[in-house]
Structure formats: C-alpha cells, structure tokens
Amino acid sequence: MTSTFTIAIDGPAGAGKGTLARRLADHYRLNLLDTGLTYRAVAYALIQHALPLDNVSAAETAARQVDLAKLDRAVLSAHSVGEAASKIAVYPTVRRILVEKQREFAKTPPGAVLDGRDIGTVVCPDADIKLYVTASADVRAKRRLAEIESIGGTANFTEILADIVRRDERDMGRADSPLKPAADAHLLDTSEMAIEAAFLAAMAVIDDVLAKRNKA
Ligand code: DC
C-alpha cells in the first residue's frame, strides 16, 4: 500500500498561509494545492460569462469543469475574483463538487499540502498535520498595502482593512464549512512573526510528528 502524507493549512485571507504552504511543499517534496484557486476559478467562469454570482446551477457547472492541473494563478489572483469566490463559496453543492476534487488530489502519492479555509475540518479531517495560520486584521491590511505599493500601486489602508474584515465575516459566518481552526490544529499567529519564523515553527511541529511516526 502506498501511504500519503497530508498537511492541512487553514486561515483567513492574507495571513501568509499560501507562502507557508509553498515552502512546506518544497521542503517535504509534497504536491501543493491552493484550494482558494478552485473557488476563484468558479467565480471567474461566472464573471467571464456575465452571470450573476448567485446563479447556483451555473456555479455548479463551472465547479464540475474545474481542472486542478489548469488553475492559472495569474488570471485568478485579482482581488475582485477573490471577493466573488468568497460569495460563491457559500453554496453547499458547489463546495461538495470542489471538495471531492480536492480530496482526490490529497490522496495522490506522495501526499500534499493543501491550504484553504476548511481543509482540516472538512476536506482532510484525517490530515497528518493541521495548521491554522492567522494574523490580526490590522497586520494583514498593512501587509496587503505594502504588497500593492511594492508593485507601484496605491490603495487606502482603511478601505483594505474594511475589505478584510468583511471577507473574514463572510468566510467565518457561512453555514457550510465556515473558516475555523480544527480542534486538533496547531495555531500559528503570524502577526508578529516573519514568514521564515512561521516556517521554522511549522517545521518543528511536522518533524516531531514524523519522528514519532518513524519510531512507531
Ligand atoms: O484563499 P483565497 O483568497 O484564494 O480564497 C478565496 C475565497 O474562496 C475565500 O474568501 C473563501 C473561498 N474558499 C473557501 O471557501 N474554502 C477554501 N478551502 C478556500 C477558499
């Protein structure tokens, strides 16, 4: 039997879980799936066809057509697509279709790092490691502003903060699979932690689990 290793990373937008997921997938040589891109792909398809975001049957069709091998981060990374993704992510039937694909991905050897909102709670409740990466809304807004300014853009801090708070409320407040830490998740608050420190802290947790596994 081929065994797989799964690392589940959840947390709110802008907490640094994407960067952490990439670093961990590289380090442990695991496959990587940013599950946010799957919700973004559905939202993007609706936007492209000028369909309203509450057209659930169109969203279901778009979800069935999502190909995990063809998720285009450059196209899907627009802020407006993230907002729209958060809106279509409330529909249970859409979630079920995407979660099925995400689970298949996780089962592919040698295993995977998946990041999102419901990985430890719903997608991979049996994950070997669960991390919940968070940071204060204020810090996340400052990081986002710095990111925008670093590429020559301009933005308003108060608006970014309001946006982040609204997105958190939607992702944490929905009835189906709301964002929350799994009971057995390790919490990583990156408010006052650089990504390198978060990576080292995550590695310590993972290496500990691996060492215990090798001894058993
Ligand atoms: O991580 P992100 O910003 O790319 O995610 C966009 C939206 O997709 C997020 O606001 C909520 C939704 N999402 C979700 O509901 N469940 C996931 N596992 C990942 C993302």
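Every read-out reported here was derived from the displayed coordinates using simple, explicitly stated rules and does not represent laboratory data. Since the model is a prediction, treat every value here as computed from it, not as a measurement. Note: ideal-geometry Cβ built from the backbone for every residue, glycine included; neighbour counts use all protein chains shown.
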Identify the residues of the stretch 193-215 with backbone N under 20 Å of a label point that sits 7 angstrom from the Cα of Asp128 along the Cα-to-Cβ direction, or state none. 199-215
Percent relative contact order for the stretch 60-216, counting Cα pairs under 8 Å at least six residues apart, stands at 25 percent
Loop-located GluC sites (Glu not before Pro) in the stretch 110-208, at most 11 other Cβ atoms within 10 Å (DSSP): Glu192
Measure of size requested: the Rg and Dmax of the stretch 151-199, with Cα atoms as the atom set and Å as the unit; please supply both. 14.7, 41
Kindly flag which residue pairs out of Lys70/Lys101; Lys17/Lys107; Lys87/Lys180 have an alpha-carbon separation exceeding 24 Å in this structure. none
Taking the Cα centroid of the stretch 172-195 and of the stretch 20-43, what is the distance between the two, rounded to the nearest whole Å? 16 Å
Mean residue ellipticity (222 nm) of the chain, computed from DSSP H runs ≥ 4 via -39,500 (n - 2.57), nearest 500: -17000 deg cm²/dmol
When the chain is treated as a Gaussian network with springs between alpha carbons less than 10 Å apart, the largest mean-square fluctuation among Thr108, Thr158, Thr93 is found at Thr158
Spatially proximal lysines relative to Lys212 (Cα-Cα < 18 Å; intrachain offsets below 8 disregarded): Lys130
When N is the residue count of the chain, what does its C-alpha Rg come to as a fraction of 2.2 N^0.38 Å? 1.01
Met203 versus Ala78, label points 7 Å from Cα toward the beta carbon: distance in nm? 3.8 nm
Starting at 0 and stepping by 10 Å, how many percent of the alpha carbon pairs of the stretch 116-184 end up in each bin? 19, 38, 28, 14, 1
